[in-house]
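The values are calculated or read from the model by the stated rules, or taken from the named source; none is laboratory data. If you're wondering where the values come from, they're calculated on a predicted model, not measured in any experiment. Neighbour counts are summed over all protein chains in view; Cβ atoms, including those assigned to glycine, are modelled from backbone coordinates with ideal geometry.
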Amino acid sequence: MEPSPEVEALFDDAHGDLALGELEEAAAKYRRCTELNPEFFDAWHALGMAMMKLGRYPEAIEAGLKTVELRPNDQLAWSSLSLFYVRNHQIPEAESAGTKAKILSWGGKIKKAEAPPSNG
């Protein structure tokens, strides 16, 4: 689903804030974009990068997980998620995400994770 003109304008404003070094403002606008359009991959990715730059690694990871959920075969999404995990000192998770990025760089595909069976 394409973002609305309102969301696109907000996203562009956030980029302007980022260019000026106003990370908190940019992050708030990226987050608002994701609230208005939860399927907006670019907003989730930008939010993750902004959170990483702010040192808020768990929030970066949360955004990164959403990007790979939205686009499981996006190499940049997995590479970014790996970086977020590294910054949060979660090395096994970083290696796993990095491996997925590498598989994609070789032309492979990532299967969506299946829901675990319920015990009901």
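I'd like to verify a number: residues in segment 77-93 that are under 12 Å from Ala60 (Cβ atoms) and not basic (Lys, Arg), how many?
Qualifying residue count, segment 77-93: 9.
Residues in segment 3-41 that are within 20 Å of Leu76 (Cα to Cα) and either touching a residue at least 60 places away in the same chain (Cβ under 8 Å) or surrounded by fewer than 16 Cβ atoms within 10 Å (Cβ to Cβ) (or both): how many?
3
Test Gly108 against the stated conditions and say whether it is surrounded by fewer than 20 Cβ atoms within 10 Å (Cβ to Cβ), modelled with pLDDT of 95 or more, in contact with a helix residue (DSSP H, G or I) (Cβ under 9 Å, 6 or more places away or on another chain) and in a loop (DSSP other than H, G, I, E, B).
Judged against the criteria, Gly108 is not a match.
Please name all residue pairs, on different chains or six or more residues apart, with Cβ atoms under 6 Å, provided the first residue is in segment 69-94 and is without any contact (Cβ under 8 Å) to a residue 60 or more places away in the chain and the second residue is basic (Lys, Arg).
Pro72/Lys112; Asn73/Lys109; Ala77/Arg71; Trp78/Lys100
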